[in-house]
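The values are calculated or read from the model by the stated rules, or taken from the named source; none is laboratory data. Note that the structure is predicted; figures quoted are calculated from it, not measured. Please note: Cβ atoms are built from the backbone with ideal geometry, for glycine as well, and neighbour counts cover all protein chains shown.
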Amino acid sequence: MTGSRHPHGVVGLKMKKLLFFWAALVALVFHTVLVECQQLTIEPEAGKQLVLEKADIESLTHMKVTTHASDTAATFEGVTLKDLLEKAGIEFGQSLKGKRLASCLLVEAADGYRVVIALPEMDPAFTDKQILLAFLRDGKPLDAKEGPYRVVIPDEKRMARWVRQVTTLKIVDVK
């Protein structure tokens, strides 16, 4: 008998296909759970956390911006970082003075990438700049490489602070 007709060879091949099927199914379910949960952690101060679900974030006022930062135009939709931080108890406006001017937002991504944004950069009392936490690009959810959430800063010349796969927003004080 040849190896391809041998009963153990056929069983082994069927077993490999079955194992591959189950592994693919488990990976798909795991990916779906991660995409569906789409949580964002906000740390307004050391030792405190607020975990927002997708529905919490999408319940805030939406904003759209069209950007030309890359070679092609794109329309992003999401919520302002200011609105998200206010939901976590961070105050802007008249209370943003003195020592609080040395507070920054540390944005962290799933891959460990981190950037800072000074709080006055998000405050309408200081600037007209709108910094967005986007969840849609051209009307579609952000793909796995970019989302579920991405920081978009429309007026910046470089996209270095356009953090992809945002997981955590932390308020930190510069000392």
Checking E43 against (1) loosely packed, with under 13 Cβ neighbours inside 10 Å; (2) among the acidic types (D, E); (3) at pLDDT 90 or above, which test does it fail? (1)
How many residues, within the stretch 119-141, are in a strand (DSSP E or B) and either in contact with a Lys or Arg (Cβ under 9 Å, 6 or more places away or on another chain) or touching a residue at least 24 places away in the same chain (Cβ under 8 Å) (or both)? 6
Okay, strands (runs of 3 or more DSSP E) sitting entirely in the stretch 65-118 with 1 or more residues that are under 12 Å from K170 (Cβ atoms) and of a type in the set (D, E), I get 103-109
Mind telling me which of the residues K54, K64, K99 ends up being in contact with an Asp or Glu (Cβ under 7 Å, 6 or more places away or on another chain) and of a type in the set (K, R)? K64
Within the stretch 69-88, residues being in contact with a strand residue (DSSP E or B) (Cβ under 8 Å, 6 or more places away or on another chain) and surrounded by fewer than 16 Cβ atoms within 10 Å (Cβ to Cβ) number 3
Close pairs (8 angstrom Cβ cut-off, 6 or more residues apart or separate chains): in contact (Cβ under 8 Å) with a residue 40 or more places away in the chain and crowded, with 22+ Cβ neighbours inside 10 Å in the stretch 159-170, hydroxyl-bearing (S, T, Y) and outside any loop (DSSP other than H, G, I, E, B) anywhere: L169/T41
Taking the conditions exactly as written (part of a loop (DSSP other than H, G, I, E, B), farther than 27 Å from S95 by Cα and in contact (Cβ under 8 Å) with a residue 60 or more places away in the chain), does P148 satisfy them or not? yes
